[in-house]
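A.B. asks: Quick one: the structure is below, and I'll ask about it shortly.
Just so it is clear, none of the values below were taken in a lab; they were calculated from the coordinates. Note that this is a predicted model, so its numbers are computed, not measured. Heads up, the Cβs are rebuilt from the backbone with ideal geometry, glycines too, and the neighbour counts pull from every protein chain shown.
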Amino acid sequence: MAIWNLGSINVDVVYSVPHIPAPGETLASTGRDTFLGGKGANMSVAAARAAARINHIGAVGADGRWTVERLLEYGVDTRYITEVDAETAQAIIMVDPQGENAIVLHPSANHQIPLATLEGALSEAQKGDWLVFQNETNLQQVAARIGRKMGLRVAYAAAPFSAEAVQRVLENLDFLILNKVEAEQLRAATGKVPQDLGVADVIVTLGGAGAKWFGAKGEVYIPAIPVTPVDTTGAGDTFTGYVLAGLDRGLPMEQALALASKAGALMVTRHGTADVIPDLAEVQAFRS
Ligand code: RIB
């Protein structure tokens, strides 16, 4: 089968900082790097690294041609990334010595993905394929509707989180992933706990404490793999890309989640985003 990812593509400009600046504070960075990033691109690269057939659906400006070339080098099908008359999206990321981050997004081309690009891509999708999207692009609602109608397995990685955005697509989802705080925010907005959302599989990530799967077997806990964090940016995206790739390859949920936990843990030990996502061999060898 295959995964179709309606996803953001960002140029990540990452500043290492002694601490995340407070309002009004001016701070000198101790380092700066540029990476391919975006929650969408990170998930596509993770899925490719995890040996899935992954098609990215997105948009960049002329200044972002290099990002498309890089995705292709990493094994992502880029035929449905359209060049639009806008800047490629950018993320300004600050990372502190504990590996925590603060991110400012400039969405630009990510909000201008043409409907024809989405429709063209999904005309090639087959029943049973996965369709995933996040909250960094336009067309989420229409994608969810088309995906459900076509019999695709529709997955939403609810980041950056907005309870309204989740509610707009909820009825068409088969898979939802969000963190503990977001699950609580969604409960406050809908009055529903994960098992009552009407979504077959809901994953609630618990950061350094692991994850919970709410699905056919009830509530299942997936333990974390302890690591010393260097940079947590992109670890959640890596986790999601690996879970979907595992499910797409026919792994049972617990196995896909266990592999994803390893991938996410290994990612936290690395500085950077899409360019440093570990491949399957590295993940399998990690703490085995
Ligand atoms: O989740 C990490 C990602 O968030 C970064 O790559 C950045 O581009 C933002 O989208």
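A.B. asks: How high is the FRET efficiency from residue 284 to residue 20, r the C-beta distance, R0 51 Å, rounded to 0.05?
C.D. replies: Rounded to the nearest 0.05, the efficiency is 0.90.
A.B. asks: Then there's this: Please list 3J(HN,Hα) in residue order for region 72-87, calculated via the Karplus relation 6.51 cos²θ - 1.76 cosθ + 1.60 where θ = phi - 60°; whole Hz, with x for glycine and proline.
C.D. replies: 4, 4, 7, x, 9, 6, 10, 4, 9, 9, 9, 8, 10, 8, 7, 6
A.B. asks: With charges set only on the Cβ (+1 for Lys and Arg, -1 for Asp and Glu), what does the dipole of region 112-245 come to about its Cα centre, in debye to the nearest 20?
C.D. replies: 320 debye
A.B. asks: Within region 216-233, which residues have the backbone N less than 15 Å from the label spot 7 Å out from residue 187 along Cα→beta-carbon, could you tell me?
C.D. replies: Inside the label zone: 219-220.
A.B. asks: According to a simple spin-label model (label point 7 Å from Cα along Cα-to-Cβ), what is the distance in nm between residue 72 and residue 34?
C.D. replies: For residue 34 paired with residue 72, the spin-label model returns 1.9 nm.
A.B. asks: Counting only C-alpha contacts under 8 Å and six or more residues apart, can you give the relative contact order of region 89-211 as a whole percent?
C.D. replies: Contact order relative to length: 17 percent.
A.B. asks: Let me ask something additional. Any idea which of 29, 158, 110 is furthest toward the positive side of the dipole for the chain, if Lys and Arg beta-carbons carry +1 and Asp and Glu beta-carbons -1?
C.D. replies: 158
A.B. asks: How much net charge surrounds residue 109 when only the other residues with a Cβ under 15 Å from the Cβ of residue 109 are counted, with Lys and Arg +1 and Asp and Glu -1?
C.D. replies: Net charge in that neighbourhood comes out at -4.
A.B. asks: About the Cα centre of the chain, how large is the charge dipole given +1 on each Lys and Arg Cβ and -1 on each Asp and Glu Cβ? Please answer in debye to the nearest 20.
C.D. replies: On the way: 22 positive and 31 negative charges, 160 e Å.
Value, rounded to 20: 760 debye.
A.B. asks: So what is the relative contact order of the chain, in percent, for Cα pairs below 8 Å that sit 6 or more residues apart?
C.D. replies: 20 percent
A.B. asks: Right, here's the next one. Would you please give the residues with an amide H less than 5 Å from that of residue 61, counting only those at least 5 places away or on a separate chain, with H modeled from the backbone geometry?
C.D. replies: The list, which skips near neighbours in sequence, is 84, 88, 89.
A.B. asks: Please compute the Kirkwood hydrodynamic radius over region 1-118, one decimal place, Å, based on all pairs of different Cα atoms.
C.D. replies: 15.0 Å
A.B. asks: Could you pull out which residues in region 99-120 have an amide N less than 20 Å from a spot 7 Å beyond the Cα of residue 225, following the Cα-Cβ vector?
C.D. replies: From region 99-120, the list is 99-100.
A.B. asks: Excluding residues fewer than 8 places away in the same chain, name every one of the lysines whose C-alpha is closer than 22 Å to that of residue 192.
C.D. replies: Partners found: 180, 212, 217.
A.B. asks: Which order do peptides 235-247, 252-264, 185-197 fall in by mean Cβ count within 10 Å, highest first?
C.D. replies: Sorting 235-247, 252-264, 185-197 by mean packing, highest first, produces 235-247, 252-264, 185-197.
A.B. asks: Please label the shape of the chain as rounded, prolate or oblate, based on the square roots a ≥ b ≥ c of the eigenvalues of the alpha-carbon gyration tensor (a/c under 1.5 means rounded; beyond that, a/b larger than b/c means prolate, else oblate).
C.D. replies: Rounded shape, in that the Cα axes give a/c under 1.5.
A.B. asks: Sorted by mean Cβ packing within 10 Å, highest first, what order do the peptides 77-89, 216-228 take?
C.D. replies: Ranked by mean Cβ neighbours within 10 Å, highest first: 77-89, 216-228.
A.B. asks: Moving on to the next point. What is the set of long-range amide H partners of residue 10 at a cut-off below 5 Å, with H atoms built 1.01 Å from backbone N?
C.D. replies: The list, which skips near neighbours in sequence, is 37, 38, 41.
A.B. asks: Quick check on packing: order 107-115, 205-213, 119-127 by the mean number of other C-beta atoms within 10 Å, highest mean leading.
C.D. replies: Numbers: 107-115: 19.8, 205-213: 17.3, 119-127: 15.2.
Top to bottom by mean Cβ count within 10 Å: 107-115, 205-213, 119-127.
A.B. asks: While we're on this one: Compute the label zone of residue 123 within region 40-60: residues whose backbone N is under 17 Å from the point 7 Å along Cα-to-Cβ.
C.D. replies: The answer is 57-58, whose backbone nitrogens lie closer than 17 Å to the label point.
A.B. asks: Rounding to the nearest 20 debye, state how big the charge dipole of region 1-116 is about its Cα centre with +1 on each Lys and Arg Cβ and -1 on each Asp and Glu Cβ.
C.D. replies: 380 debye
A.B. asks: What does the net charge come to around residue 257 if you take all other residues with beta carbon closer than 11 Å to its beta carbon, with K and R at +1 and D and E at -1?
C.D. replies: Values: positive: 212, 262; negative: 201, 254.
So the environment of residue 257 carries a net charge of 0.
A.B. asks: Fully extended, how many nm does the chain gain between residue 255 and residue 171 (0.36 nm per residue separation, minus their Cα-Cα distance)?
C.D. replies: Residue separation times 0.36 nm, minus the Cα-Cα distance, leaves 27.6 nm.
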